[in-house]
């Protein structure tokens, strides 16, 4: 078998690729167990390249006080901790 | 030009081997063949990494969301698209089938392969019904014995024919050269002409088998 002229006889049938048709195909497949098995991405928010994540655990009273103070000052808890750290460093000399 | 999809939810039945043989032989005929490797095992990517035959272009890592647009973009005048799918029941498989001009379901002549492979055949028929158009499909028996046709193979062929399922003749015989293609890359013709390639088998017989198989596929695409 050789010769590209033979290939000229090969034909593709017209096929719709509308969203509706793909949805129908997915439904038919799912009913027969052909499910979406794409690898799942890692859940959760990606870490920010600008900030650093702390996971401190403190006593409830301290936590509530920090949250309330941040709210009173109109800043985030992270910004309050940054202010506290500045004071700490200044105190250390 | 046609889109040929290799489909079976069972792994190890010969989907990638069929894809490589068809891609090589159609390229040898002068077609511009695009092979889509949708199998996470990347068998075709490994084959092509050793050197794909002239006229064969490979696209790897084609997932569920990309399969339809990738087939559409690869399709065109003088081009044949061959899709090698993963051996699982996934939406990627059902979407690829919807874009096929011919679905080939490779099956070893065993009861287990027949049972799992029949899921792909049933899916094709259900998609035909849902889409209101026919999707040509056929079974090819793989890794068959060169010497004798087993009783199981005879029974399976009779069952498939009895169910009105198109069975491609010839079957693909278990040949060392078919497996070695993935180690050496290229095609069987190159393998036959290179004395340094050690296949431990009869490459000429393998080539004749691959050519007859491609001819049978060609007849179904006319």
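The values are calculated or read from the model by the stated rules, or taken from the named source; none is laboratory data. Values in this document were obtained by computation on a predicted structure and should not be read as measured data. As a convention, Cβ positions derive from the backbone with ideal geometry for all residues, glycine included, and neighbour counts pool all protein chains shown.
Sort out which residues of the stretch A:15-29 are more than 7 Å from every other protein chain (Cβ to nearest Cβ) and at pLDDT 80 or above, and write them in order of number.
A:18, A:19, A:20, A:23, A:27
Can you name the number of the only condition in (1) surrounded by fewer than 17 Cβ atoms within 10 Å (Cβ to Cβ); (2) touching a residue at least 24 places away in the same chain (Cβ under 8 Å); (3) closer than 24 Å to residue B:94 by Cα that residue B:129 fails?
The one condition residue B:129 does not meet is (2).
May I ask you to say which residue of B:54, B:65 is surrounded by fewer than 16 Cβ atoms within 10 Å (Cβ to Cβ), more than 27 Å from residue B:116 (Cβ to Cβ) and out of contact with any helix residue (DSSP H, G or I) (no Cβ under 6 Å at 6 or more places or on another chain)?
B:54
Among the residues of the stretch B:145-165, count how many are surrounded by 21 or more Cβ atoms within 10 Å (Cβ to Cβ) and under 22 Å from residue B:4 (Cα atoms).
Final tally of qualifying residues: 1.
Based on this model, can you work out whether residue A:6 counts as under 30 Å from residue B:71 (Cβ atoms) and in contact with a helix residue (DSSP H, G or I) (Cβ under 9 Å, 6 or more places away or on another chain)?
yes
Can you work out which of the residues in the stretch B:32-49 that are surrounded by fewer than 24 Cβ atoms within 10 Å (Cβ to Cβ) and within 12 Å of chain A (Cβ to nearest Cβ) is farthest from residue B:10 (Cα to Cα)?
Only one residue tops the list, namely B:32.
When you go through B:101, B:84 one by one, which is the residue that is under 18 Å from the mean Cα position of the chain (by Cα) and at the interface with another protein chain (Cβ under 9 Å from one of its Cβ atoms)?
Result: B:101 is the single residue among B:101, B:84 that is under 18 Å from the mean Cα position of the chain (by Cα) and at the interface with another protein chain (Cβ under 9 Å from one of its Cβ atoms).
So which residues in the stretch B:124-164 are part of a loop (DSSP other than H, G, I, E, B), within 19 Å of the chain's Cα centre (by Cα) and under 27 Å from residue B:101 (Cβ atoms)?
Listed by number, the residues that qualify are B:135, B:136.
Could you please let me know if residue B:206 is under 20 Å from residue B:33 (Cβ atoms), surrounded by fewer than 20 Cβ atoms within 10 Å (Cβ to Cβ) and away from every other protein chain (no Cβ under 14 Å)? Before you say what the answer is, go through the steps one by one.
Working: under 20 Å from residue B:33 (Cβ atoms): yes; surrounded by fewer than 20 Cβ atoms within 10 Å (Cβ to Cβ): no; away from every other protein chain (no Cβ under 14 Å): yes.
Against the criterion (under 20 Å from residue B:33 (Cβ atoms), surrounded by fewer than 20 Cβ atoms within 10 Å (Cβ to Cβ) and away from every other protein chain (no Cβ under 14 Å)), residue B:206 does not qualify.
Report whether or not residue B:96 is modelled with pLDDT of 90 or more, surrounded by 21 or more Cβ atoms within 10 Å (Cβ to Cβ) and either out of contact with any helix residue (DSSP H, G or I) (no Cβ under 7 Å at 6 or more places or on another chain) or at the interface with another protein chain (Cβ under 9 Å from one of its Cβ atoms) (or both).
Values: modelled with pLDDT of 90 or more: yes; surrounded by 21 or more Cβ atoms within 10 Å (Cβ to Cβ): yes; either out of contact with any helix residue (DSSP H, G or I) (no Cβ under 7 Å at 6 or more places or on another chain) or at the interface with another protein chain (Cβ under 9 Å from one of its Cβ atoms) (or both): no.
The answer is no for residue B:96.
Would you point out which residue out of B:181, B:156, B:198 is closer than 23 Å to residue B:57 by Cα and at pLDDT below 95?
B:181
How many residues does the stretch B:166-203 hold that are surrounded by fewer than 18 Cβ atoms within 10 Å (Cβ to Cβ), touching a helix residue (DSSP H, G or I) at 6+ places or on another chain (Cβ under 6 Å) and assigned to a helix (DSSP H, G or I)?
Residues meeting the conditions: 2.
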